[in-house]
Structure formats: C-alpha cells, structure tokens
Amino acid sequence: AAFVRFDDVSLAYDGTGNAIEDINLSIREGEFVAFVGPSGCGKSTFMKLCTGLHAPTQGSVSVDGAPVTGPLKISGMAFQNANLLPWRTTLDNVLLPLEIVEPYRRQFRKRREEFVGWARSLLKTVGLAEHENKYPWQLSGGMQQRASICRALIHQPRLLMLDEPFGALDAFTREELWCVLRDLWEAQRFTVVLVTHDLREAAFLADTVYVMSRRPGRVIERRSIELPRPRA
Ligand code: ADP
Ligand code: ADP
C-alpha cells in the first residue's frame with residue numbers, strides 16, 4: 001500500500017504556468033526515495049506538496065491513506081542550513097520539536113527526563129554525545145547538520161523530509177553523514193524523501209531515484225537501486 005501518493009498532481013504558482021506537472025507516484029512506508037534534477041525543476045515544490053505547505057492546482061496528494069489538507073504533523077524536516085537556534089545548546093535544539101508538537105508538548109514538563117534520554121540516544125548515534133552542551137557556534141558545519149537531523153527525528157516522525165541536507169558540507173563530511181543517515185534509517189525505517197542535486201548521493205542512499213525535468217518539473221525517470229550498499 002502507498003504511504004505517500006500523488007495522483008496527476010500539477011501545481012502552478014500564480015499565473016506562471018505549471019511548476020510541476022502530472023506527477024504520479026507512490027512511496028511505500030519505510031521506503032527511501034530521492035528526487036534529483038536541476039535547480040528550479042520543482043523539488044522544493046514537491047516537498048511542500050508532500051507536507052501540506054502547498055495545495056495542488058490539479059490532482060491529489062495523500063499521506064497514510066488520507067488527503068493532505070494542511071501542514072502534516074507526522075513529518076520531520078532538515079534543510080541545507082541546519083538552522084539551529086543560536087541561543088540553545090545542542091541538546092535543547094534537538095528537544096525543540098517536543099516542546100512544539102502534540103502530544104509531546106503538553107507532556108513536556110512531566111516527561112522531560114525521558115525526552116532528554118531520547119535526545120541523548122540520538123546524539124550518541126550521530127557521534128555528538130560529547131557535544132550536547134555546546135552552542136551552535138561551537139560546532140562545525142557537519143556537527144550542526146548532525147544535530148539538525150536529530151532534531152528532525154526526535155518526535156519519531158513517520159516521514160522524514162530532507163531538502164539538500166548535505167549540500168553545504170565538504171565532500172568528506174558529506175559522505176560520513178550519508179552513512180550516519182543510512183544507519184538511522186536502517187534502525188528505524190521511517191520513510192525518507194530526499195531532494196538533492198547530487199546523483200551519487202541519491203544512488204548511495206535511496207531505494208528509488210526519481211529524476212525531474214526542467215520546468216515544468218515532470219518525473220522523467222524512475223529507477224530502483226538494488227545494489228548492496230556498504231554500511232558505515
Ligand atoms: P527546486 O527546488 O527544484 O529548485 P522549486 O520547487 O523551488 O524548484 O521551483 C520550481 C519552479 O517554481 C521554479 O521555476 C521557481 O522559480 C518557481 N517557484 C517556486 N516557488 C514559487 C513561488 N512561490 N511563486 C512563483 N514561482 C515559484
Ligand atoms: P532552492 O533552489 O534552494 O529551493 P529557491 O530559489 O527555489 O531555492 O526558492 C527559495 C524560496 O523562494 C522558496 O520558498 C521558493 O518557494 C521561493 N521562490 C522560488 N522561486 C520563486 C519565484 N519565482 N517567485 C516567488 N517565490 C519563489
């Protein structure tokens with residue numbers, strides 16, 4: 001059964017023609033998919049449709065069997081910039097979604113110690129255990145990005161949306177983080193939608209790679225990747 005489903009989806013921003021056009025696809029629960037294509041092909045638009053930040057002009061988007069009508073609560077997100085809050089420590093940045101997203105928000109005070117345990121366990125997985133009390137300016141770019149991935153996962157989302165999450169990192173750090181992400185995904189099997197310019201990244205990480213054309217963004221190729229992949 002499809003977890004994310006697009007039926008004949010097109011989106012036109014005001015009077016500018018279709019930004020994305022005739023997208024039909026379904027993503028299984030636990031699948032790792034990547035979207036690649038040139039800048040402007042509609043990758044961010046696709047992400048916003050998945051998470052309910054935009055509504056399609058035509059067609060329908062559903063997640064977990066229900067049409068997406070507003071901001072999706074079961075997703076976590078990470079972007080090219082880690083966007084950590086500078087006045088919060090690593091630990092407190094990772095805890096942030098639990099202070100915002102229900103049902104955790106209303107339980108936050110009572111369960112804080114337990115939530116801190118979740119955060120520490122994630123930070124340990126990504127190699128930041130020793131850095132939980134540091135502020136963002138005390139972390140390298142790669143460490144900040146690790147923290148932002150922990151923040152995206154802390155509320156145990158079923159869908160992880162990643163928009164060029166490693167785009168700002170050097171090649172060595174980027175490939176290290178590929179392995180970190182793969183390990184998290186192999187352990188927890190959330191569904192991942194990754195958009196990236198980097199074909200190698202897509203092929204290394206994803207089960208299925210969708211290639212988008214230039215405007216209007218259409219899916220011009222869908223490939224399953226069946227190579228055995230090395231683990232970190
Ligand atoms: P990508 O993420 O692949 O770079 P986007 O989804 O951001 O692509 O953009 C797809 C197309 O839609 C581009 O031509 C872009 O300029 C246009 N676009 C994106 N957002 C808007 C908007 N809010 N209003 C008008 N056009 C937009
Ligand atoms: P990226 O390629 O990193 O996704 P973009 O330049 O596509 O960055 O978009 C940055 C922001 O500006 C996005 O929120 C997008 O929706 C918006 N945007 C992009 N193109 C346009 C446009 N032509 N008109 C209005 N907003 C736009």
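So which residues in the range 11-22 are surrounded by fewer than 18 Cβ atoms within 10 Å (Cβ to Cβ) and in contact with a Ser or Thr (Cβ under 9 Å, 6 or more places away or on another chain), if there are any at all? Reasoning before the result, please.
Kept after step one, since they are surrounded by fewer than 18 Cβ atoms within 10 Å (Cβ to Cβ), are these residues of the range 11-22: 12-17, 22.
Within the range 11-22, 12, 13, 22 qualify.
Filtered by the rule that a residue be of a type in the set (S, T, N, Q), open to solvent by 20 Å² or more (accessible area, probe 1.4 Å) and either within 11 Å of ligand 1 (Cβ to nearest atom) or free of Cβ contacts under 8 Å to residues at least 12 places away in the same chain (or both), the range 34-93 gives 39, 44, 80. Per the conditions (1) over 30 Å from residue 5 (Cα atoms); (2) open to solvent by 50 Å² or more (accessible area, probe 1.4 Å), the sole criterion not satisfied by residue 156 is (1). For the residues 129, 203, the requirement of being open to solvent by 20 Å² or more (accessible area, probe 1.4 Å) and touching a Leu at 6+ places or on another chain (Cβ under 6 Å) singles out 129. Of all residues in the range 149-180, those being part of a helix (DSSP H, G or I), in contact with a strand residue (DSSP E or B) (Cβ under 8 Å, 6 or more places away or on another chain) and at pLDDT below 95 number 3. Answer yes or no as to whether residue 148 is under 23 Å from residue 183 (Cβ atoms) and not acidic (Asp, Glu). Criteria met by residue 148. Taking (1) among the aliphatic types (A, V, I, L, M); (2) at pLDDT 95 or above; (3) more than 9 Å from ligand 1 (Cβ to nearest atom); (4) farther than 18 Å from residue 208 by Cβ in turn, residue 11 satisfies each apart from (3). Taking residue 209 as the residue in question, decide whether it is of a type outside the set (S, T, N, Q) and under 18 Å from residue 151 (Cα atoms). Taking the combined requirement at face value, the residue does not satisfy it. Within the range 128-142, residues that are modelled with pLDDT of 95 or more sit with their Cβ atoms under 7 Å from residues that are open to solvent by less than 60 Å² (accessible area, probe 1.4 Å) and outside any helix (DSSP H, G or I), at 6+ positions apart or across chains, in these pairs: 131/139; 132/89; 133/89; 134/89; 135/89; 136/84.
Of all residues in the range 19-31, those that are among the acidic types (Asp, Glu) have Cβ atoms under 7 Å from Cβ atoms of residues that are part of a strand (DSSP E or B), 6 or more apart or on another chain, in 21/10; 21/217; 22/8; 22/10; 29/3; 29/191; 31/191; 31/208. Of everything in the range 183-197 that is more than 16 Å from ligand 1 (Cβ to nearest atom), surrounded by 18 or more Cβ atoms within 10 Å (Cβ to Cβ) and not aromatic (Phe, Trp, Tyr), the residue that is modelled with the lowest pLDDT is 184.
The values are calculated or read from the model by the stated rules, or taken from the named source; none is laboratory data. None of the values given here were measured: they were computed from a predicted structure. Cβ sites come from the backbone with ideal geometry, for glycine too, and all protein chains shown count toward neighbours. Accessible surface areas use protein heavy atoms only, side chains included; no ligands, DNA or RNA. Shrake-Rupley method; radii C 1.70, N 1.55, O 1.52, S 1.80 Å.
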